[in-house]
Amino acid sequence: MKKLVYYVASTLDGYIAGPAGQYDFFTATDHFPYLIEKFPETFPAPARAHFEISAANTRFDTVIMGRGTYEPGLKVGLTSPYPQLRQIVISSSLSAEIDPSVEFISSDPLKKVQELKQEEGMDIWLCGGGKLAQQLLPEIDELILKLNPIVIGNGIPLFSGQFQVKPFRLISSRSFESGVMILQYHKF
């Protein structure tokens, strides 16, 4: 069975983006060779071209994201940010007319993920954002955090919603010269 993996960059204080969705403060790059080796499919098309990434998918065949995660690319004309993956956007305001290679779901993301998990293939990458992660928390099997050694004080939290306790167990960690740590957790 496929797993849902929340793979995302975070600050020390638990934010995945700034208050206006900004993420340009994630400036460390010394961990990129590791990410390119382990998760080449998680780089969007422009970054794949820039870093000359041609490797096949190693972990994921599907990416699911909320509207807030999808829109920054859309604003610069990037309608299919991850053409190497099946792309699913959860949004009640965006439509399939934007790009036929992207599937837009307007309701019940939990049901959609449960259906995806029953399919054959590689794992499902939950790309963001915090509200969607909170909705999908019951189905998240693994967290992979790219923990950056910065504090921003306010922004879009890793999980955003009602109080809910779900334990995870650290299974691996890797640190880099910049202070970035890749932390991998499995659900209990």
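Here are the numbers for the structure shown:
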item: Elements of type helices (runs of 4 or more DSSP H) contained in region 20-90, each with 1 or more residues being within 23 Å of E177 (Cα to Cα) and either in contact (Cβ under 8 Å) with a residue 24 or more places away in the chain or of a type in the set (S, T, N, Q) (or both); result: 32-38
item: Candidate set from region 127-165 (those that are open to solvent by 40 Å² or more (accessible area, probe 1.4 Å), hydrophobic (A, V, I, L, M, F, W, C) and in a loop (DSSP other than H, G, I, E, B)); member that is nearest to K187 (Cα to Cα); result: V165
item: Restricting region 1-22 to residues that are open to solvent by 50 Å² or more (accessible area, probe 1.4 Å) and at pLDDT 95 or above, the residue that is farthest from P72 (Cα to Cα); result: K3
item: Output for region 166-182, where each listed residue is touching a residue at least 24 places away in the same chain (Cβ under 8 Å) and either closer than 22 Å to D30 by Cα or surrounded by 12 or more Cβ atoms within 10 Å (Cβ to Cβ) (or both); result: F168, R174, F176, E177, S178, G179, V180, M181, I182
item: Qualifying residue in region 61-77 (condition: more than 27 Å from G155 (Cα to Cα) and modelled with pLDDT of 95 or more); result: yes
item: Qualifying residue in region 64-87 (condition: touching a helix residue (DSSP H, G or I) at 6+ places or on another chain (Cβ under 6 Å), crowded, with 16+ Cβ neighbours inside 10 Å and under 23 Å from S160 (Cβ atoms)); result: yes
item: Given (1) free of Cβ contacts under 8 Å to residues at least 12 places away in the same chain; (2) open to solvent by 50 Å² or more (accessible area, probe 1.4 Å), index of the condition S95 fails; result: (2)
item: Filter result (small (G, A, S) and either more than 19 Å from S80 (Cα to Cα) or surrounded by 16 or more Cβ atoms within 10 Å (Cβ to Cβ) (or both)) within region 23-48; result: A28
item: Failed item, numbered, when F51 is tested on (1) surrounded by 16 or more Cβ atoms within 10 Å (Cβ to Cβ); (2) at pLDDT 95 or above; (3) in contact with a helix residue (DSSP H, G or I) (Cβ under 8 Å, 6 or more places away or on another chain); result: (1)
item: Output for region 99-126, where each listed residue is open to solvent by 20 Å² or more (accessible area, probe 1.4 Å) and hydrophobic (A, V, I, L, M, F, W, C); result: F104, I105, L110, M122
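The values are calculated or read from the model by the stated rules, or taken from the named source; none is laboratory data. Please read these numbers as outputs of a predicted model, since none were measured by experiment. When we count neighbours, we look across all protein chains shown, and the Cβ atoms used for this are built from the backbone with ideal geometry, even at glycine. Just so you know, the surface numbers come from the protein's heavy atoms only, side chains and all, with ligands and any DNA or RNA stripped out. Shrake-Rupley method; radii C 1.70, N 1.55, O 1.52, S 1.80 Å.
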